[in-house]
1. Rank 186, 134, 228 by mean-square fluctuation in a GNM of the chain with C-alpha springs under 10 angstrom and give only the top-ranked residue.
2. If you count only protein heavy atoms with a 1.4 Å probe, what accessible area per residue comes out for the stretch 202-244, rounded to a whole Å²?
3. Explain nothing, just compute: Karplus ³J(HN,Hα) = 6.51 cos²θ - 1.76 cosθ + 1.60, θ = phi - 60°, for every residue of the stretch 140-146 in order, whole Hz, x for Gly and Pro.
4. In Å², what does the accessible area per residue of the stretch 20-173 work out to with a 1.4 Å probe?
5. Once amide H atoms are placed 1.01 Å from N in the peptide plane, what residues at a sequence separation of 5 or more from residue 50, or on another chain, have their amide H within under 5 Å of its amide H?
6. How long are the three semi-axes of the equivalent ellipsoid for the chain, computed from the Cα gyration tensor as the root of 5 times each eigenvalue, in whole Å, largest first?
7. If amide hydrogens are placed 1.01 Å from N in the peptide plane, which non-local residues have theirs closer than 5 Å to the one on residue 71?
8. Among the lysines, which have Cα under 26 Å from the Cα of residue 150 when same-chain residues fewer than 8 positions away are ignored?
Amino acid sequence: YLSIKKDVILILEIRGSIDMITKDDYQLLRSHPAFSAIPVELFDKLAVEIHARDIPKGQILFFAGDKRDRIFLLEKGFARIEQFDSADQFSYMDYIKKGAMFPYGGMFQDERYHYTASAVTDLRCFVIPVNLYELYAQESKEQLLFITRKLSSILKFQELRLRNVVTASASERVIQSLAILCKDYEALGNQLPFPISMKEMAKLAATTRETVNQVLKKLMDSQKIQYERKQLRFIDSSYFLKSFEEID
């Protein structure tokens, strides 16, 4: 495992181009709520240490257990986070959309990443040294409040996911997982902005690929969704958003 891990990290360093941030990047970061309340003189010190990185689809950003020395802000593209148990079985998966900073989990506390992150699409991200971010964020009450609210929002979403997992019917879990995706990405349109396999949907719903296949077929027959070549489109968004509201 270690040799594979090192090889993948080496590939990341070779294939992922790294650049200093531009003036436009500076303005984008400065206006982002994850940075906007940090005093300008401290933000300037932080900005010098931030790098922009282009990462190809499928590339690993970090592994679970790696030293948590960087946080990331996605400017373009989408990422996936996954966590496995000691038996190397799947236990958790989620998606990170463009414009989001991650991981918030472990902020001001943990020394290691809890999960593995990879690029679902080609992406451009900013790589931020976590020690400096945490140090400078503590100098602003408003910035700490933003982080606290963000963690509360993430917790609320995960509570929703937990309710979905304990739903008795496996078929219903698939529908609720689709509802969460529909709600989370509705601002970007009816089509999920990245490819998703039936295997991934099975992981999200804590069920089997066969169950997902059956549910998708019924949803397609009833004109609720379109699904072809891993591209998911919500035809009847209201059906899924209503389901989401019922859980919430």
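The values are calculated or read from the model by the stated rules, or taken from the named source; none is laboratory data. Just so you know, these numbers come straight off a predicted model, no measurement behind them. Positions of Cβ are generated from backbone atoms using ideal geometry, with glycine treated the same way; all protein chains shown enter the neighbour counts. For the accessible areas, the whole protein counts, side chains as well, though only heavy atoms, and no ligand, DNA or RNA atoms are used. Shrake-Rupley method; radii C 1.70, N 1.55, O 1.52, S 1.80 Å.
1. 228
2. 60
3. After applying 6.51 cos²θ - 1.76 cosθ + 1.60, I find 10, 4, 5, 5, 5, 5, 4 Hz.
4. Here the per-residue accessible area is 50 Å².
5. none
6. 33, 21, 18
7. Here 128, 130 satisfy the definition.
8. In chain and number order, the partners are 45, 67, 76, 97, 98, 141, 183, 203, 242.
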